[in-house]
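The values are calculated or read from the model by the stated rules, or taken from the named source; none is laboratory data. In this text the structure is predicted, and so the values were computed from the model without any measurement. Here the Cβ positions follow ideal geometry from the backbone for every residue, glycine too, while neighbour counts run over all protein chains shown.
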Amino acid sequence: MIYDFDKPVDRRGSGDLKHEVLLERYGRSDLLPLWVADMDWETPAFITDALKARLEHSLFGYTVEPKDYWPTVQQWIETHHQWKVEREWMTYIPGIVKGIGMVINFFLKEDEKVIVQPPIYHPFFLTPRGNKREVVWNPLRETLSPTLPRNGEGDHAGCSQTTNKPDGSPHYGGDVRRTERVFYEMDFDNLDQVCDDKCRLLILSNPHNPAGIVWDRDTLQRLAHFAKEHHLIVISDEIHSDMALYGNKHIPFASVSEEAAEVSITFGAPTKTFNMAGIVSSWSIIPNEELRKPFYHWLSANELDDPNMFAPIATIAALRHGEEWRQQMLQYVEGNIDFLVDYCHQHIPQIKPLRPQASFLVWLDCRGLGLNHKALLDLFINQAHLALNDGEMFGPGGEGFMRLNVGTQRHVLKEALERMASLI
């Protein structure tokens, strides 16, 4: 079957977050939204059909988990990521951010700390802070893509302030001859410096959000060894694991070594991949019995491991019937990313997209525009009428960046880029 990802979908009136909160969050409602991390394509019909079939039986009482729920998840993980997960390691959780909050409250005392690696998905530090735990920064080290030459004058030499075009309109400056692209790696020297006896938890984004990094095995093994030596629990958020791009391969953190298995709590879900974030269908995987048994007992005692009626139905349908849709979707996402990168290179060279190794989120390096934070937001929101994610919301290292969601029809992406190009 050939799926049509160019088909327009009018989301107005569906109560979708992407459109409904624009005025509240951006100060205006007339924006093209390319921010929150869901996609503008219809949830595939094999999921909708499975839900419709259940709705035909019009009695929605208490239900049990289908017997094929967890075997379907286990088979998917083993087939796609070569990780054999035992049934007793797994349970449902009512959302990954909620799961992070549960881990914090169950495992950490009030004076214990959480390590995060910015720039990073903002709930990774907002959730600990909201639960009155101190956040410790271990910033990713900015480096350069090994496939591109360095300027020779620093990572972002030549940035200038805003000047005017001959017609008096603003020209957003910077040395557009720069060819480098930023990339990131973990800073283990800094991690060793900031990790003290009160640090109890590290939250890993694998693959990384917002930069789209697929962490390599050596990095994950080194992180696992550090965590084991320093008595850290590692939450590995792997919600984007099924969206590796350009031949890259996701590696589950817990699978890289015995040390990783001992310290890890892995969270995953099919919701990003199959565009059904509103059907909360998350899971937890904990190989270490000493971590797993007390935590899962607590979840069970509070009925927090009990999925809603529709989560198992949607999950089974997605993982059983979704591979062809997933492959075509990823191919379309790659095409959108290629279009974005080429367009910026030709028409907006001051903006340098980082080509992600996974997911439909693209980290835009906008520092070549030479704008401060307020001016950058004004350019995107009030002049281009675009709603992207502000880079500073991702913590230290996000200054001068924006996060753009390419999970949309190509003509929408083209319109957004043309709006930018007309201003720069």
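Worth a mention:
- For region 253-268, the set of residues classified as in contact with a strand residue (DSSP E or B) (Cβ under 6 Å, 6 or more places away or on another chain) and of a type in the set (A, V, I, L, M) consists of 254, 263, 265, listed by residue number.
- Scan of region 402-424 for residues that are of a type outside the set (Gly, Ala, Ser) and either touching a Lys or Arg at 6+ places or on another chain (Cβ under 8 Å) or part of a helix (DSSP H, G or I) (or both), ordered by number: 409, 410, 411, 412, 413, 414, 415, 417, 418, 419, 420
- Of all residues in region 226-259 being of a type in the set (Asp, Glu) and crowded, with 22+ Cβ neighbours inside 10 Å, the one that is nearest to residue 81 (Cα to Cα): 242
- In region 409-424, the residues that are within 10 Å of residue 384 (Cα to Cα) form Cβ pairs under 8 Å with partners that are loosely packed, with under 15 Cβ neighbours inside 10 Å and at pLDDT below 95, at six or more places apart or across chains, as follows: 423/169.
- Check on residue 262, modelled with pLDDT of 95 or more and out of contact with any helix residue (DSSP H, G or I) (no Cβ under 7 Å at 6 or more places or on another chain): no
- Every residue from region 69-103 that is among the hydrophobic types (A, V, I, L, M, F, W, C) and either closer than 26 Å to residue 129 by Cβ or not in a loop (DSSP other than H, G, I, E, B) (or both): 70, 73, 76, 77, 89, 90, 93, 96, 97, 100, 102, 103
- Any pair with Cβ under 7 angstrom, 6 or more apart, that starts in region 41-66 at a residue that is without any contact (Cβ under 8 Å) to a residue 60 or more places away in the chain and closer than 30 Å to residue 330 by Cα and ends at one that is charged (D, E, K, R) and surrounded by fewer than 11 Cβ atoms within 10 Å (Cβ to Cβ): none
- In the condition set (1) more than 17 Å from residue 9 (Cβ to Cβ); (2) surrounded by fewer than 19 Cβ atoms within 10 Å (Cβ to Cβ), residue 36 is compliant with all but (1).
- At least 3 residues being modelled with pLDDT under 95 is the threshold, and among the strands (runs of 3 or more DSSP E) wholly inside region 127-242 those reaching it are 141-144.
- The set of residues in region 47-68 being in a helix (DSSP H, G or I) and either β-branched (Val, Ile, Thr) or within 15 Å of residue 281 (Cβ to Cβ) (or both) consists of 47, 48, 50, 51, 54.
- Beta carbons closer than 7 Å, at least 6 apart along the sequence or on distinct chains, pair a first residue in region 357-385 that is without any contact (Cβ under 8 Å) to a residue 60 or more places away in the chain and farther than 30 Å from residue 244 by Cβ with a second that is among the acidic types (Asp, Glu) and not in a loop (DSSP other than H, G, I, E, B) for 373/392; 377/390.
- Residues of region 342-401 satisfying the condition of being assigned to a helix (DSSP H, G or I), touching a strand residue (DSSP E or B) at 6+ places or on another chain (Cβ under 7 Å) and either of a type in the set (S, T, N, Q) or buried (at least 22 other Cβ atoms within 10 Å of the Cβ) (or both): 368, 380, 391
- Considering residues of region 94-111 that are among the hydrophobic types (A, V, I, L, M, F, W, C) and within 18 Å of the chain's Cα centre (by Cα) only, the residue surrounded by the fewest Cβ atoms within 10 Å (Cβ to Cβ): 97
- With respect to the conditions (1) β-branched (Val, Ile, Thr); (2) within 18 Å of residue 237 (Cβ to Cβ); (3) touching a Pro at 6+ places or on another chain (Cβ under 9 Å), residue 316 falls short on a single one, namely (2).
- Looking across 293, 272, one residue alone is surrounded by 16 or more Cβ atoms within 10 Å (Cβ to Cβ), out of contact with any strand residue (DSSP E or B) (no Cβ under 6 Å at 6 or more places or on another chain) and not hydrophobic (A, V, I, L, M, F, W, C). It is 272.
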